[in-house]
Every structure is written in C-alpha cells, then in structure tokens.
Amino acid sequence: VAHRHAREGGIAEEIMRLRDREQASVGDWTNAMEKLAAAEKNLTVLYNNHICGVEMNGSSIKGVTAMNIRTLSKSNYSAKVFIDCTGDAWLGYHAGAKYRFGREAEYQHGESFAPEIADTLTMSGCIKSGNLPFFFDAGKEVEYHAPEWVPKLPESDEEFGRDIKGPRVHWWMETDNSYDDIYDG
C-alpha cells in the first residue's frame, strides 16, 4: 500500500530533481540521466549495445561482448565493475546468474498482492509514445494499418471509454502475456 508521504530516493531522486530544475517535461528523463552520467568520471555509458556474451573469471565478470544494434559490429569491454542496465537482465543471464521468471508466490516473500502460486506472468513488452515523437496533424486523413499481432480494440470512443485528441496524447500497447516477451518478442 502506498504511503502518501512516500518518495523516490537515491539516484531516482537525483534524476527527478535535475529534471525539475531544468523545467523539462514530466516524461523527459533522458537529458537528466545523461548529465548525471557525464558528471561521473569513472563511468562509461554505451548506447544501442546488446550484450551477447560474457567472459568470466571464476564467478566474476571479466569482460563483455556487445553488439551495436545500429551497425551490427561487435566490441569487447573489460572493467572492474559491470552494472546491468539492460532492463531484461542480459548481463546476469550470460554470466550464468540464477534468475526467476514471472511472479513469485505470496508465501515466498509475504506479499499480499502476489498470486497464491508462482506463475510466468511478466510486465510484458511495451510500445509507448513516450519514446517516440508525438503525433501531428498532417492536414489530411492518413490510413493506419496495425500489425497482425496488435489486439483489436473497440471502434468507438464511447465503447472504449476514451476520447483521443492531440497533440500531447500518450499512448501505449502491451502484450497480453500469452508469449515470452524476451524470446518471442
């Protein structure tokens, strides 16, 4: 249950404060995160890289192989410390770390909102407008053909319960968890 005086702390708070000082839009985290990262003298941030291999020294990570998703070139990196910011735990996966997929059962951690039995339900993959430009008025009607895998929604705004009008509308589409969003995505 959320506490009305609760707040984010640590690095999340630093990012929010920097974003607020610069009067950035609510969804604009990128500039604040990049400024904080640039201020760290011993930090290298690698964009558009997908971890595809790990070199181990016993139980420690010695090096990482990553593929640039734009150029498809592979590079090797070594460091004293690696931080997995992949969002899907690829660094830990390639390093052979134990992991759990899905939701834990209520008894495992005493979480009252958890299911009685563990399952494989995840937060799913998400496509959202926050990472893309907002739509704009093209001055004419433009047809949209959704991919086959996109769920069909009710045609009318009344039936769907939304009245979508631009230009600052956020939207998103999530899967229904009927497939593995990592390997089938």
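The values are calculated or read from the model by the stated rules, or taken from the named source; none is laboratory data. No experiment lies behind these values; they were computed from the predicted model shown. Note: ideal-geometry Cβ built from the backbone for every residue, glycine included; neighbour counts use all protein chains shown.
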Inspect the stretch 76-97 for any residue being aromatic (F, W, Y) and part of a loop (DSSP other than H, G, I, E, B) and give the result as yes or no.
yes
Name the residues in the stretch 108-123 that are within 23 Å of the chain's Cα centre (by Cα) and surrounded by fewer than 13 Cβ atoms within 10 Å (Cβ to Cβ), would you?
F113, T120, L121, M123
Restricting attention to the stretch 19-26, does a residue exist that is out of contact with any strand residue (DSSP E or B) (no Cβ under 7 Å at 6 or more places or on another chain), part of a loop (DSSP other than H, G, I, E, B) and under 30 Å from Y93 (Cβ atoms)?
no
Condition check for K35: assigned to a helix (DSSP H, G or I), of a type in the set (D, E, K, R), at pLDDT 85 or above and surrounded by 13 or more Cβ atoms within 10 Å (Cβ to Cβ)
yes
Hey, any hits in the stretch 86-99 for a residue that's at pLDDT below 85, within 26 Å of T122 (Cα to Cα), of a type in the set (G, A, S) and under 19 Å from the mean Cα position of the chain (by Cα)?
yes
